[in-house]
Ligand code: EPU
């Protein structure tokens with residue numbers, strides 16, 4: 001199943017459920033490795049990133065039991081052991097999560113071999129912050145032909161770090177290393193995304209001592225031993241917003257069971273400014289097209305509590321149906337507008353620019369990155385043959401194909417399984433006419 005035929009032009013309507021956040025679940029699974037007792041994680045989605053992390057943990061002796069349907073995963077790390085480099089290497093290029101195994105593996109086994117990383121090609125995605133942090137804790141980093149080897153001959157010691165940019169992954173790297181390092185660690189300019197707060201909650205359940213200040217400073221007191229945890233993952237706010245954008249772009253009405261207002265405040269404000277309607281209850285959020293014209297907006301992506309970069313791509317599809325000129329400034333990743341080429345082929349009017357448009361100067365200004373977009377609408381979309389470029393861009397292409405008149409062929413949909421569980425079944429539940437080839 002790698003190609004989807006989408007017969008577009010009808011509104012999505014009905015109810016779907018989102019489960020735990022991809023960008024939390026994989027990290028919580030890594031945290032379980034730090035414990036000396038088993039852990040249980042609930043609300044686990046059936047996505048391929050969970051399989052990648054399960055595979056890596058199993059290679060290191062963790063017993064993984066999974067109830068896919070029930071969304072429960074049990075991780076028993078009591079017999080953690082070193083894995084063969086060749087086996088670890090089979091996971092090269094599959095995800096970015098392996099870099100987060102460094103601290104936990106060094107604490108448990110004295111060394112960590114990390115394969116070459118994968119993940120979406122939406123920018124260079126360097127790991128300099130990660131390696132800098134590990135070195136500050138006293139780790140030695142050796143680059144091998146494939147992957148890197150991390151050792152800590154004199155142990156890992158608490159340290160003071162200030163990030164040049166509030167990176168999600170680097171903040172997680174620091175947390176997963178500091179909790180068992182000797183002494184105090186302080187991180188300034190930390191990322192404070194809800195998924196990070198949930199990771200901190202998990203670590204606290206395991207016995208860690210972590211405080212978060214309002215000025216983005218995180219302080220960790222290292223402890224000698226961590227136990228297990230039982231925790232229910234926070235809902236996936238990126239998946240929820242993706243379905244919301246799909247409802248808007250197709251003039252539909254979708255109830256997203258599991259969506260949580262608290263994690264989506266900024267998205268909801270923007271959705272409302274575009275003209276989208278929503279109703280919130282205890283079980284989820286219903287997202288609706290208003291039946292009247294949508295409004296153009298000026299939007300800038302940012303770290304939390306700003307508008308997430310991962311919300312940008314699906315919403316841009318809806319903006320092609322809004323009246324007037326929308327300006328979108330992407331400040332988190334330098335190359336996250338590649339997906340707009342396919343939208344233009346489908347009839348959208350989108351131009352991308354090197355300049356920082358509509359907002360403040362960002363890190364990518366005066367450089368060669370097409371990181372601002374001007375979307376002019378509304379333009380009817382027409383069917384096309386599309387190749388999925390990355391996870392969120394791919395889902396956005398699906399939305400465009402659903403909104404377009406005619407039959408589109410979307411190739412490479414396997415990539416979308418990384419972050420959207422059972423998305424073809426969910427599309428069918430919402431009345432979409434799709435066929436897998
Ligand atoms: N950065 C560096 N050096 C580093 C680390 C990051 O320059 O060592 C830069 C990046 O290149 C980027 C910025 O810092 O320009 C932010 O990157 P960050 O580290 O915050 O991102 P990440 O941890 O690699 C996670 C999510 C992304 C999400 C971002 C931002 C996971 C597995 N991935 O990536 O999710 O976009 O945070 O919220 O948690 C997705 O789900 O599709 C996705 C890409």
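The values are calculated or read from the model by the stated rules, or taken from the named source; none is laboratory data. Here the structure is a predicted model, which means the values were calculated and not measured. Note: ideal-geometry Cβ built from the backbone for every residue, glycine included; neighbour counts use all protein chains shown.
Just wondering, is there one or more residues in region 200-215 that are in contact with a helix residue (DSSP H, G or I) (Cβ under 8 Å, 6 or more places away or on another chain) and within 11 Å of the ligand (Cβ to nearest atom)?
No; the residues of region 200-215 include none that is in contact with a helix residue (DSSP H, G or I) (Cβ under 8 Å, 6 or more places away or on another chain) and within 11 Å of the ligand (Cβ to nearest atom).
Could you check, for region 113-133, whether at least one of its residues is at pLDDT below 95 and in contact with a strand residue (DSSP E or B) (Cβ under 8 Å, 6 or more places away or on another chain)?
yes
Restricting attention to region 161-170, and to residues there that are touching a helix residue (DSSP H, G or I) at 6+ places or on another chain (Cβ under 8 Å) and free of Cβ contacts under 8 Å to residues at least 40 places away in the same chain, which single residue is farthest from the ligand (Cβ to nearest atom)?
For region 161-170, the residue satisfying everything is 161.
Of 357, 381, which residue is crowded, with 23+ Cβ neighbours inside 10 Å and either closer than 21 Å to residue 322 by Cβ or in contact with a strand residue (DSSP E or B) (Cβ under 8 Å, 6 or more places away or on another chain) (or both)?
Exactly one of 357, 381 is crowded, with 23+ Cβ neighbours inside 10 Å and either closer than 21 Å to residue 322 by Cβ or in contact with a strand residue (DSSP E or B) (Cβ under 8 Å, 6 or more places away or on another chain) (or both), namely 381.
What is the one condition in (1) within 15 Å of the ligand (Cβ to nearest atom); (2) in contact with a strand residue (DSSP E or B) (Cβ under 6 Å, 6 or more places away or on another chain); (3) assigned to a loop (DSSP other than H, G, I, E, B) that residue 174 does not satisfy?
So the condition that residue 174 fails would be (3).
With 170, 191, 178 as the choices, which residue is surrounded by 18 or more Cβ atoms within 10 Å (Cβ to Cβ) and more than 19 Å from the chain's Cα centre (by Cα)?
Numbers: 170 fails: more than 19 Å from the chain's Cα centre (by Cα); 191 fails: more than 19 Å from the chain's Cα centre (by Cα).
It is 178.
Determine whether residue 124 is within 10 Å of the ligand (Cβ to nearest atom), without any contact (Cβ under 8 Å) to a residue 40 or more places away in the chain and either in the same structural domain as residue 56 (by TED's automatic domain parsing) or under 23 Å from residue 417 (Cβ atoms) (or both). It would help to see each step written out before you state the result.
Values: within 10 Å of the ligand (Cβ to nearest atom): yes; without any contact (Cβ under 8 Å) to a residue 40 or more places away in the chain: no; either in the same structural domain as residue 56 (by TED's automatic domain parsing) or under 23 Å from residue 417 (Cβ atoms) (or both): yes.
It is false that residue 124 is within 10 Å of the ligand (Cβ to nearest atom), without any contact (Cβ under 8 Å) to a residue 40 or more places away in the chain and either in the same structural domain as residue 56 (by TED's automatic domain parsing) or under 23 Å from residue 417 (Cβ atoms) (or both).
Out of region 117-131, which residues are in contact with a helix residue (DSSP H, G or I) (Cβ under 8 Å, 6 or more places away or on another chain) and surrounded by fewer than 23 Cβ atoms within 10 Å (Cβ to Cβ)?
Quick first cut of region 117-131, residues in contact with a helix residue (DSSP H, G or I) (Cβ under 8 Å, 6 or more places away or on another chain) only: 117, 120, 122, 127, 129-130.
Those that are in contact with a helix residue (DSSP H, G or I) (Cβ under 8 Å, 6 or more places away or on another chain) and surrounded by fewer than 23 Cβ atoms within 10 Å (Cβ to Cβ): 117, 120, 127, 129.
Results for (1) farther than 20 Å from residue 233 by Cα; (2) modelled with pLDDT of 95 or more, shown as yes or no for each residue.
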| residue | (1), (2) |
| --- | --- |
| 42 | no, yes |
| 46 | no, yes |
| 52 | no, no |
| 65 | no, yes |
| 70 | no, yes |
| 73 | no, yes |
| 78 | yes, yes |
| 85 | yes, no |
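So in region 20-41, with the set limited to residues that are crowded, with 22+ Cβ neighbours inside 10 Å and either assigned to a loop (DSSP other than H, G, I, E, B) or more than 23 Å from the chain's Cα centre (by Cα) (or both), which one is farthest from the ligand (Cβ to nearest atom)?
Looking at the filtered set, the residue picked out is 35.
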